Every structure is written in structure tokens, then in C-alpha cells.
Amino acid sequence: MSRAPIAGRGYGRLIRMRIREIVLATLGLVSASWLYCTEASAQTVPAIAPRDETWGTVSHVSLGVGAGTVFLMPRVYYSDPESTVGWKGRWHFSMFAPAMTMAAATFLVDGPIRNALQYPRPGCTVDQTLVANTDSGCETFGGPSTHAFASWGATGVGTGIFLVDTIKFSKGRFNAGSFIGNIGVPLIASVLTSVGRGVESGATDEFGTAALPYETSNQIIAGTFAGFFSGLLVGGAYALLQRPSCGYGNAIFCW
């Protein structure tokens, strides 16, 4: 009479052991598959067209310096009334107008225009660019060069403002500070930006593949001319519509 319960207890223990084995086996398979996926995702895939990151950084920094200098510069003009004769400088919050205009134009070039023209970067094809694999070097189209457009556009804005302020509001008097801030620094920064986008440095990536330029010379030239003359038009129109003086008192900042 006592053997049946003992047999029942042994059978229950066997079932629990089987369940434990199944659970452990399942956890082992899940862990193994997770480790495999982790190792697979950690493998480095060679870039289709590697770029020189150093020159890429140079182009980013020079673009920021050139554009920032132009849009943070005060409007410099020569005031000739008897009580306030001499050079004056005024910071205008209305500079947001040309800044936002050029920013919108740059986004237009970077998106719809380049995607419509479909000029691939060096080492890339149209199909590879349309796939846009991350870190492939072919994520976006290259022409016209967005960096060249933005940097030379800032130089154009500064040139337009300098010419109007010098010829119209300063009666032809030349100011070195205005020239350096509106033309000198942005011009140097634009040249560095163009070099950074088009230089073939000779560097290689971890797989020994030679780094390619970010854009071709034609793509950079197209961005340069389009950006400079667009900026010249925007900067000149803004300077003609907005006098360099505040129009009230001797305030330094004009609203």
C-alpha cells in the first residue's frame, strides 16, 4: 500500500528535473544566440569610400568660424554729424534675417536640390548613395557642395554688407575692422572649407584603403559660386534696407 505514493513522488521529481533541464537548455540557447549576434554586430564593415576625418573636421570648424564671424559682426559706419563724428559700430538683431535666409537656402541645397541632381561623391555610385548605408562614405550626394555653399554664402553676405556700408553709409571711407570681420576672416575660412572638402590627403583607413575627398572639384565649385552670389544678393539687400545706425540715441544694440 505504501509503494504507490513513493512511486508518485519519484515520478513528480523526474518531471521537475526534466522541466529544469529544458529551462536550462533554452536559456543556454538564448544566451549563445545573443552572444553570436553581439559579436556579429561588433564586426567592422569596410567603408565603400572612406574619407579623411581630420579634413572633415577642418571643414566643419572653418565653416562655423566663417559664418559666425559674419553674423556676429557689428555694422560699422562713419557718422559725420558734428556731435558724433567718427566710426560707430552697432549690433543689429535684424541680422537674423540674412542668417535665417542663408540657413534655409543651405538646407534647400543639402536636401531637395542635391537629391534631384544625384551627383554622387567620389568613389560612390547613385545606387550606393540611394541605399545610404551608415558609415559607408556614400550616405548623401555631393553636389553642389553644401559646405562650400554655406561658407562662401557667408562670405557673400559679409561682402554685400561691407560694400553697402562703405559706399553708401560711410561715403567711401574704408574701415579695416569691418573689412577683416566681413570679408577677411570669412574668405580665409571659406578657402579652408573648400580645401577640407576636396583634398586627397593620402591617408588610409584600418583596412588599408586610401581615403577619398568628400566632394569633387566640380561639386565644390558649383557650391562656391552659387553660395557666394546668393549671399552677396542677400547681404546687399539687407544692408540697403537696414541702416547701420540704430535710429534712436546712442544704443549699441539695435532691435
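Please verify whether Val58 is surrounded by fewer than 18 Cβ atoms within 10 Å (Cβ to Cβ), more than 18 Å from Ser230 (Cα to Cα), assigned by TED's automatic domain parsing to the domain that holds Arg243 and more than 17 Å from the chain's Cα centre (by Cα), treating the condition exactly as stated.
It is false that Val58 is surrounded by fewer than 18 Cβ atoms within 10 Å (Cβ to Cβ), more than 18 Å from Ser230 (Cα to Cα), assigned by TED's automatic domain parsing to the domain that holds Arg243 and more than 17 Å from the chain's Cα centre (by Cα).
Considering only residues of region 140-163 that are in a loop (DSSP other than H, G, I, E, B) and either hydroxyl-bearing (Ser, Thr, Tyr) or touching a Phe, Trp or Tyr at 6+ places or on another chain (Cβ under 7 Å) (or both), which is surrounded by the most Cβ atoms within 10 Å (Cβ to Cβ)?
That would be Ser145.
Picking from Ala226, Ala237, Ala222, Ala251, which residue would you name as being touching a strand residue (DSSP E or B) at 6+ places or on another chain (Cβ under 8 Å) and among the small types (Gly, Ala, Ser)?
Of Ala226, Ala237, Ala222, Ala251, the one residue that is touching a strand residue (DSSP E or B) at 6+ places or on another chain (Cβ under 8 Å) and among the small types (Gly, Ala, Ser) is Ala251.
Being closer than 18 Å to Ile183 by Cα and among the polar types (S, T, N, Q) is the filter here, so list the residues in region 131-173 that pass it.
Result: Ser151, Thr155, Thr159, Thr166, Ser170.
Which is modelled with pLDDT of 95 or more, among the aromatic types (Phe, Trp, Tyr) and over 30 Å from Ala47 (Cβ atoms), of Phe174, Phe149?
Selected residue: Phe174, the only one of Phe174, Phe149 that is modelled with pLDDT of 95 or more, among the aromatic types (Phe, Trp, Tyr) and over 30 Å from Ala47 (Cβ atoms).
Is it fair to say Gly196 is under 19 Å from the mean Cα position of the chain (by Cα) and within 30 Å of Phe93 (Cβ to Cβ)?
no
For region 164-255, which helices (runs of 4 or more DSSP H) that fit wholly inside it have 2 or more residues that are surrounded by 17 or more Cβ atoms within 10 Å (Cβ to Cβ), in the same structural domain as Gly137 (by TED's automatic domain parsing) and hydrophobic (A, V, I, L, M, F, W, C)?
185-198, 217-241
The values are calculated or read from the model by the stated rules, or taken from the named source; none is laboratory data. As the structure is a computational prediction, the values presented were derived from the model and not from experiment. Every residue, glycine among them, receives a Cβ derived from its backbone with ideal geometry; neighbour counts consider all protein chains shown.
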